[in-house]
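A short worksheet on the structure shown next.
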Amino acid sequence: MARKLAALAAALSAGTLLLTGCANPSTGSAKDDPTKPVTLKFWHGWSEDSEVKAIDASIARFEKLHPNIKVKATGNVTDATVNQALRAGGGDAPDVVSSFTTNNVGQYCSSGMWVDLDPFMKKTGLDKAKVFPKTLLDYTSYQGAQCALPLLADAYGMYYNKDAFAQAGIKRPPRTMSELRRDAVKLTKRTKSGGYERVGFMPNFRLYQNSPDRFLAQWGPSYFDKDGKARLAKGKAAKEFYATTGELVRSQGGYGPLETFRTSFGDEMSSQNAFLTGKLAMHMDGEWRGLFMKGAKFNWGTAPLPVPDDRPETYGRGYLTGTVVGIAHSSTHQNAAWELVKFLTANTDQVVAFANAIHNVPSTKAALTSPKLDSDPTFRAFLDIAQNRYSTALPPSINGGQYVVSLQDFSYGVEAGKVHDLDAGLRKLDDEIDADNLQAQN
C-alpha cells in the first residue's frame with residue numbers, strides 16, 4: 001500500500017502523463033492464437049513482499065489454467081515508465097499493464113496506448129455490465145472506450161475510536177455532517193498550553209488521505225457537464241463542502257492550531273500514524289488501513305462517512321478508486337494478453353483470493369458477495385460502501401489527474417482563509433481546469 005500511495009502522489013504531482021503522440025487503437029482484431037505457446041510481459045506497480053507474493057500466486061493460478069502461456073511479471077513500475085515503454089514500442093515493451101491511478105484512464109484511452117477491450121469482451125462473451133459494478137466501469141472507460149478494467153478497488157470510510165466514543169457518551173458513528181461536527185467537538189481534547197491531546201475529526205486537506213476530492217464525494221459532485229466543461233462553481237456540492245469543512249475547522253480550534261498539531265504526526269504508514277496512536281478519534285481512510293491496526297491499544301470500528309443533513313438516504317456512500325489493468329497497443333500477443341486480463345479481473349475465485357491477500361475491495365459483483373471473502377466486520381463495512389448506489393469515483397479526463405491537483409491547490413487556499421470570495425474562486429478554478437484540458441487536447 002505504501003508503494004501504491006507513493007505512485008498516486010507522484011502521478012498527481014506530475015499533473016499529466018504527457019502521452020504525446022497517439023497510437024493506432026486496437027479494434028480487437030488481433031491475430032495471435034492464444035492457444036499457442038507464448039510468454040507475456042506483465043508490468044505492475046506492487047512492490048511490498050506480501051503484494052508481490054499475491055501477484056505471483058495469481059500468475060501461478062493463471063498458468064495452471066493456461067499451460068501454454070507463461071507470464072513474466074515486473075513489479076514496482078511507475079506509470080511514467082510504462083508510458084515511456086509504450087511510446088517506444090518494440091520487443092521490450094509490456095503486453096499487459098496496470099496502474100494505481102484511475103485519474104489517468106482518460107489519457108490511456110484517448111491516446112490509444114491502451115487498447116479498447118470491448119471487442120475482446122464481445123469475442124469471448126464477457127458481459128461487462130453483469131460482471132462489474134457501474135462505478136468501476138465508469139472510471140475504467142473514457143468517451144465510450146473501455147481501455148481498462150478494474151483490478152480490485154479501494155473504498156473510503158470512517159475509522160473511529162470506540163473507547164473514545166464511550167468515554168464521550170457517543171453511542172454510534174455520526175451519519176450526518178451536523179452529527180459529525182457535534183461528535184468532533186465532544187471528542188476533541190485540548191491541553192493546558194492550548195495545544196491538543198486529541199482531535200475529534202481533522203478535516204485539514206494535507207492530512208494523510210484527506211485529499212479534498214475524497215471527502216467531497218459525500219456530496220456527489222458533478223465535476224464536468226455533458227460537454228466536458230468544469231462546473232464546480234455551478235453546483236452546490238463544492239460550496240456546501242467548503243462550508244462544512246470550514247465549520248469543522250473553526251469548531252475544533254481553528255486552522256492554525258490544527259495544522260500545527262497535524263505537523264506533529266508520524267508517518268502515515270508507520271506505527272506512529274495519528275489514528276493508531278490515539279491523536280485522532282475519527283479518521284477518513286481506505287479498507288487497507290485495517291491491516292495496520294493490529295497494534296492499536298484501543299477498540300476501533302469502521303463505518304461509512306457522514307452525508308449532508310438534507311440527503312440522509314445517501315448514507316452508506318463513499319469515494320471509490322482502485323487499480324486498473326489493460327493491454328498495450330504495441331503488444332503482438334493481444335489475444336493471449338486478454339486471457340490474462342480476463343482471468344485477473346473477471347474470474348471470481350481469483351478476484352476473491354487476490355482481494356483477501358492484499359486486503360483490497362473485490363471489483364466484480366460476484367466477488368463482492370462471495371462467502372469466501374474475509375469475514376472481518378471492519379473490512380466488510382467497505383464492501384458495503386463499494387456496493388452502495390450513491391458511491392462515486394472521479395470522472396476520467398483527457399488531462400488525467402491535473403484537475404485534482406488544481407482542486408487540491410484551491411482547497412489549501414480555502415482552508416487557510418486565503419479565498420475571500422468562494423463563488424469567484426470556484427469560477428476561476430473551473431476556468432483553470434478548462435484551460436488545462438484544452439491545452440491537453442492540442
Sole miss for THR81 among (1) touching a Pro at 6+ places or on another chain (Cβ under 7 Å); (2) of a type in the set (Ser, Thr, Tyr); (3) modelled with pLDDT under 95 is condition (1)
Quick count over the range 283-302, residues being open to solvent by 10 Å² or more (accessible area, probe 1.4 Å), touching a Phe, Trp or Tyr at 6+ places or on another chain (Cβ under 7 Å) and under 30 Å from VAL97 (Cβ atoms), is 1
Q. Within the range 42-64, can one find any residue that is assigned to a strand (DSSP E or B) and at pLDDT 90 or above?
A. yes
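With respect to SER193, determine if the residue is over 15 Å from the mean Cα position of the chain (by Cα) and either within 30 Å of ILE327 (Cα to Cα) or modelled with pLDDT of 95 or more (or both).
It is false that SER193 is over 15 Å from the mean Cα position of the chain (by Cα) and either within 30 Å of ILE327 (Cα to Cα) or modelled with pLDDT of 95 or more (or both).
Tell me, which residue of the range 424-440 that is charged (D, E, K, R) and surrounded by 19 or more Cβ atoms within 10 Å (Cβ to Cβ) is farthest from ALA237 (Cα to Cα)?
At the first step, the residues of the range 424-440 found to be charged (D, E, K, R) are 427-428, 430-432, 434, 436.
Subset that is surrounded by 19 or more Cβ atoms within 10 Å (Cβ to Cβ): 430, 436.
Numbers: ASP430: 14, ASP436: 22 Å.
Restricting to residues being charged (D, E, K, R) and surrounded by 19 or more Cβ atoms within 10 Å (Cβ to Cβ), the top hit is ASP436.
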When you look at ALA243, is it surrounded by fewer than 16 Cβ atoms within 10 Å (Cβ to Cβ) and among the hydrophobic types (A, V, I, L, M, F, W, C), yes or no? yes
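Checking the conditions here, which among PHE410, PHE343, PHE382 is among the hydrophobic types (A, V, I, L, M, F, W, C), touching a strand residue (DSSP E or B) at 6+ places or on another chain (Cβ under 8 Å) and modelled with pLDDT of 95 or more?
PHE382
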Is at least one residue of the range 111-128 within 26 Å of the chain's Cα centre (by Cα), within 30 Å of ALA184 (Cβ to Cβ) and open to solvent by less than 20 Å² (accessible area, probe 1.4 Å)?
no
Picked from the range 303-316 (must be within 19 Å of the chain's Cα centre (by Cα) and surrounded by fewer than 23 Cβ atoms within 10 Å (Cβ to Cβ)), the residue farthest from ASP384 (Cα to Cα) is ALA303
When ALA153 is run through (1) buried (at least 24 other Cβ atoms within 10 Å of the Cβ); (2) free of Cβ contacts under 8 Å to residues at least 60 places away in the same chain; (3) among the aliphatic types (A, V, I, L, M), the failure sits at (2)
Can VAL105 be described as within 22 Å of ASP138 (Cα to Cα), outside any loop (DSSP other than H, G, I, E, B) and modelled with pLDDT of 90 or more? yes
Among (1) within 23 Å of the chain's Cα centre (by Cα); (2) modelled with pLDDT under 95, ASP227 falls short only on (1)
Selection from the range 71-102 of residues open to solvent by less than 40 Å² (accessible area, probe 1.4 Å), among the small types (Gly, Ala, Ser) and assigned to a loop (DSSP other than H, G, I, E, B) yields GLY75, GLY89, ALA93
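The values are calculated or read from the model by the stated rules, or taken from the named source; none is laboratory data. Remember, it's a predicted structure, so these values are computed and weren't measured experimentally. Quick reminder, even Gly has a Cβ in these numbers, built from the backbone with ideal geometry, and neighbours come from all protein chains shown. For accessibility, only protein heavy atoms count, side chains too; no ligands or nucleic acids. Shrake-Rupley method; radii C 1.70, N 1.55, O 1.52, S 1.80 Å.
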